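Working notes for the structure below.
What follows is calculated from the coordinates using simple rules that are stated; it is not laboratory data. A quick note: this is a predicted structure, and the numbers were derived from the prediction, not measured. Cβ coordinates were reconstructed from backbone atoms using ideal geometry, including for glycine residues, and neighbour counts include every protein chain displayed.
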């Protein structure tokens, strides 16, 4: 596997700042181990959540008698159990991810490591995977902070794959995921065959899904003019073009349409979406951009 000299990106100062964050999911997760994420399930670690009116058949031991003395109505104290989940982090390994300055692949690996660390330190289980023309490789990292080195070793050996078939690669996730959880897909979503079928397949695995689209600054707002030979980084096809103001305007309109289609698709399929420039600081990505899609707190 090619490493392209991408080093494990999380130093001590980054880890310390990431220690303050927790991954969120949009619904309760039914798992077998007690962890640090709240879920309205019975468990060994209980936290008061709310009150509700008593109904016949409810457990009398949950009645709040102080509330009854004040209101002369029966209310139950509702508790939440701290539950853990499996967080699956998938990284696009196509050639197009190695475009841009800084490379999209570099931020993708840093982001995958950061999100994995947040999950691991909350005692969630982590699976990391490589998306190529299929789910080329994956590794179960277990849980706990020390498992981050397993994640780092995997990320440093991600294969560079040419083209990526996101639909097939995401469909392959069905042989890895065995329970409900959170799946984070980190990609530029420039796969020729699209991504829609694959993302829907992941949702059918009872997964909360976050789509993190990394694009380089020159893809978001190119600053070129004159005559150019443009090459597709995945198909290797090329075309000669004279860049005029009209062509630049057409590009901006097509780019806006492309990202809006992805955002609309995510919304329609109850998934989170955010666009991340590849020159964004990793802490800023985690703290600011992901907070906007309610993935971390």
Out of all Cα-Cα pairs in region 128-250, roughly what percent, to the nearest whole number, are more than 26 Å apart? 36 percent
Taking R0 as 51 Å and r as the Cβ-Cβ distance between residue 221 and residue 145, the FRET efficiency 1/(1 + (r/R0)^6), rounded to the nearest 0.05, comes to 0.85
Ranked on Cβ counts within 10 Å of their own Cβ, fewest leading, 264, 143 go 264, 143
Normalized C-alpha radius of gyration of region 119-160, against 2.2 N^0.38 Å? 1.18
Between residue 270 and residue 20, what FRET efficiency follows from the Cβ-Cβ distance if R0 is 25 Å, with the result rounded to 0.05? 0.35
Where does each of 124, 208 land when they are ranked from fewest to most other beta-carbon atoms within 10 angstrom? 208, 124
Taking R0 as 22 Å, what FRET efficiency do you get between residue 260 and residue 179 from their Cβ-Cβ distance, rounded to the nearest 0.05? 0.10
Note: residue 196 to residue 63 extended length (0.36 nm per residue) minus current alpha-carbon separation gives 43.1 nm
Using Cβ contacts closer than 10 Å as the measure, can you line up 170, 111 from fewest to most? 111, 170
